[in-house]
Amino acid sequence: MHYGRRKRFETSEERNRPIERFCDRAECTEEGAYRAPKSRDGADGYHLFCLEHVREYNKSWNYFAGMSDVDVQDFQRSAPWAHRPTWRIGDNKASRFEDMRMSDPFGFADSEEAVIERARRTERRFTADQRRAFDVLQIEPTDDLREIKLRYKQLAKRFHPDANGGDRGFEDRLKRINEAYGVLSASLS
Ligand SMILES: [Zn+2]
């Protein structure tokens, strides 16, 4: 993230917190602070992107037709959810969906019913182990192995000690990421 994009109201504590949710765009290591639905009605869940990639994504759908780039940035920045961590590992499902609903910038079909229905569908389709693994990889549950693999590679790269000056604090995280990917690739292929 470029310096100029830092949020005005961030405290130094917030600024220094580790990034926990990365942009969904493969290989991108920016924070996934901006949310975009995978389909028009939001029924397929959401991507989380960095500012650059949410703009790229939105552009393809023409959400912001007629708005300048500056307007789009102001709009995103002024949204109440823009400064909050969007996803914390270990949260229970209820609060995670709560987070998702509150961070819906476009007011897509995120009624209580839609959120509950999506959770139910996920529970029917995936085992508890698989759902835990999706949590670790921080992606919406999917049986698209390609998408899972992309996510895995992105996180593995991000948390590899070599990419972090040999910081051993990342080893545990990397281990959990490896295990989660193992669970999903074995059970979904
Ligand atoms: Zn990005």
Each label point is 7 Å from the Cα along the Cα-to-Cβ direction; what then is the distance between the points at Leu150 and Ala119, in nm? 2.8 nm
Modelled label-to-label distance, Ser187 and Asp129, 7 Å Cα→beta-carbon offset: nm? 0.6 nm
Diffing region 151-156: the Karplus 3J(HN,Hα) column from phi (6.51, -1.76, 1.60, θ = phi - 60°), in whole Hz with x for Gly and Pro, holds 5, 4, 4, 4, 6, 4
I want to make sure I understand the PRE zone here: with the label point 7 angstrom from the Cα of Asn178 toward its beta carbon, which residues in region 134-170 have backbone N atoms less than 12 Å away? 156, 160-161
When the chain is fully extended, how far beyond the present Cα-Cα distance does Lys59 get from Thr29, taking 0.36 nm per residue of separation? 8.7 nm
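Report the local net charge at Leu174: Lys and Arg +1, Asp and Glu -1, summed over other residues whose C-beta lies under 11 Å from its C-beta.
Values: positive: Lys157, Arg158, Arg168, Arg173, Lys175, Arg176; negative: Asp162, Asp167, Glu171, Asp172, Glu179.
With Lys, Arg at +1 and Asp, Glu at -1, the neighbours total +1.
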Interchain or long-range residues, amide H under 5 Å from Glu31's placed H: Cys23
Per the Cauchy relation, a quarter of the hull surface: what is the mean projected area of the convex hull of the alpha carbons in region 127-189, in nm²? 3.8 nm²
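Values quoted throughout were computed directly from the atomic coordinates according to the rules given, and no laboratory measurement underlies them. Every value quoted in this text rests on a predicted model; they were computed, and no experiment measured them. Positions of Cβ are backbone-derived with ideal geometry, glycine not excepted, and every protein chain shown enters the neighbour counts.
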